[in-house]
Amino acid sequence: MEDKRLYSPKQIKRVLDKYGFTFSKSLGQNFLIDGNIVRKIVEEANITKETYVLEIGPGMGTLTEELAINAKKVIAVELDRKLLPILDETLDDYDNVEVVYGDILKIDVRQLIDEKLSGGPIKVVANLPYYVTTPIIGKLLEDGLNISSINVMVQKEVAERMIATPGSKSYGSLSVFVNFYTNPQIVVKVPNTVFMPKPKIDSAVIKLEIKDNLPDIDREKFFKVVKAAFSKRRKTIINALSTYGFDVEKDIIRDALEKSGIKQEERAENISVEDFIKLSTILPPLNI
Ligand code: SAM
């Protein structure tokens, strides 16, 4: 049985040879070849026969197959046309999977959820193409989509930035962004040997549980403040914000910092998400 599953090296080799498939580095193609990791990703996402799943980048269908076995329905969005005939064959046994050709960054995901995944809530599960990890996560979180969790393989260093807390070296605007929308957690760290071809870096599976109730604030303004604060992480927060070009007097920024309980000589890397939220609501409108 194990031999028939897509993650068995024998099956992968057979498929690659049959279709003369060659990996595209620029599309971030590093396929999973390890059954334990494939099972672990799906297990940690708590997929049941009631779950609607969106997969990004099915590749030759290794993770998709495990998802199909466990989920109610899987929509898999793939950008490489060369993989479509392969997926036709590898997923032929599963009638609860549909492969959609396209770029996840361009596709209307809301429409996809409404038309093909019962309107949600859905779970996103993927071994992401690393060259577009942050834009994909950004799109999924910012658009207010009906998603309950995102379980994805990313570069280890990116996963560490996502879960970082104030005061740690990896804490930055990505940490604030991810922690604003979700409760993030690293599920497992993964060596490069589970992929074909082997990437140079190590990876990690991250689980993002989307928060139900987000603070009712001007998000655009909030993220502008965060971006400005981290644009000069070595500077004090007062200097970073007052030289960013917001066209707000230094004294007004000083006053807003004081009212938010943030010391003016503090650095962005020590400021919590909650304090950034307070600060952004107290600051006057920002014109860039
Ligand atoms: N899920 C497969 C696995 O684990 O073996 C493949 C994962 S591979 C890291 C990433 C996949 O995403 C590739 O199949 C690649 O062609 C696809 N991909 C790359 N950019 C994409 C995009 N913008 N939209 C959708 N799929 C994309």
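The values are calculated or read from the model by the stated rules, or taken from the named source; none is laboratory data. Source: prediction; values computed, not measured. Ideal geometry is used to build each Cβ from the backbone, glycine not excepted, and the neighbour counts take in all protein chains shown. The protein model used for the area step is the full one, side chains on, heavy atoms only, and it has no ligands, DNA or RNA in it. Shrake-Rupley method; radii C 1.70, N 1.55, O 1.52, S 1.80 Å.
What the stretch 2-210 shows is 44 Å² of accessible area per residue, with the surface traced by a 1.4 Å probe over protein heavy atoms. Rounding to the nearest 10 and keeping the result within 0 to 90°, find how far the Cα-based axis of helix 35-44 lies from the longest principal axis of the chain. It works out to around 50 degrees. Per residue, the accessible area of the stretch 219-282 comes to 53 Å², computed with a 1.4 Å probe over protein heavy atoms only. Quick one: grab the alpha carbon gyration tensor of the stretch 106-170, order the square roots of its eigenvalues as a ≥ b ≥ c, and give me rounded if a/c is under 1.5, else prolate or oblate depending on whether a/b is larger than b/c. Taking the square roots of the gyration eigenvalues as a ≥ b ≥ c, the stretch 106-170 is prolate.
For the stretch 142-214, the alpha-carbon coordinates run over 40, 31, 18 Å along the three principal axes, in decreasing order. Within the stretch 9-95, the trypsin sites (Lys or Arg not before Pro) that combine a DSSP coil assignment with at most 12 other C-beta atoms in a 10 angstrom radius are Lys49. Residue by residue, what Karplus-based ³J(HN,Hα) values in Hz, rounded to whole numbers, does the stretch 232-248 have, using 6.51, -1.76 and 1.60 with θ = phi - 60° and x for Gly and Pro? For the stretch 232-248, the Karplus curve yields 10, 5, 7, 7, 5, 4, 4, 6, 4, 6, 7, 9, 7, x, 6, 6, 10 Hz. Mean sequence separation of contacting Cα pairs (under 8 Å, at least six apart), scaled by the length of the stretch 108-214, corresponds to a relative contact order of 27 percent. With a simple spin-label model that places each label point 7 Å from the Cα along the Cα-to-Cβ direction, the separation between Lys263 and Ser168 comes to 2.3 nm. On the stretch 105-246, 47 percent of the accessible area sits on carbon and sulfur atoms, based on a 1.4 Å probe. When the pairs Lys106/Lys211; Lys123/Lys189; Lys25/Lys198; Lys40/Lys82; Lys4/Lys72 are compared against a 18 Å limit on Cα-Cα distance, Lys106/Lys211; Lys123/Lys189; Lys40/Lys82; Lys4/Lys72 fall above it. DSSP finds beta bridges in the chain, and of those with both partners inside it, around 45 percent are antiparallel.
Across the chain, the relative contact order, built from alpha-carbon pairs under 8 Å that are at least six residues apart, equals 14 percent.
Think of each Lys and Arg Cβ as +1 and each Asp and Glu Cβ as -1; about the Cα centre, that makes the dipole of the chain roughly 1000 debye. Helix 9-19 axis versus longest C-alpha principal axis of the chain: approximately 80°, rounded to the nearest ten.
For the stretch 181-240, what class follows from the C-alpha gyration tensor (a ≥ b ≥ c being the square roots of its eigenvalues): rounded when a/c is under 1.5, otherwise prolate if a/b is larger than b/c, else oblate? Oblate shape, in that a/c is at least 1.5 and b/c is the bigger or equal ratio.
Annotation for the stretch 19-50 versus the stretch 116-185: alpha-carbon center distance of 17 Å. Full extension of the chain between Tyr19 and Lys232 gives 71.7 nm of extra length, using 0.36 nm per residue less the Cα-Cα distance.
Using every pair of separate Cα atoms, the Kirkwood estimate puts the hydrodynamic radius of the stretch 2-210 at 17.2 angstrom.
Once you have a ≥ b ≥ c as the square roots of the Cα gyration tensor eigenvalues for the stretch 219-282, tell me rounded if a/c is under 1.5, and otherwise prolate or oblate according to whether a/b is larger than b/c. The shape class here is rounded.
Taking Phe230, Phe246, Phe177 as the candidate residues, the one with maximal mean-square fluctuation in a Gaussian network model of the chain, Cα springs under 10 Å, is Phe246.
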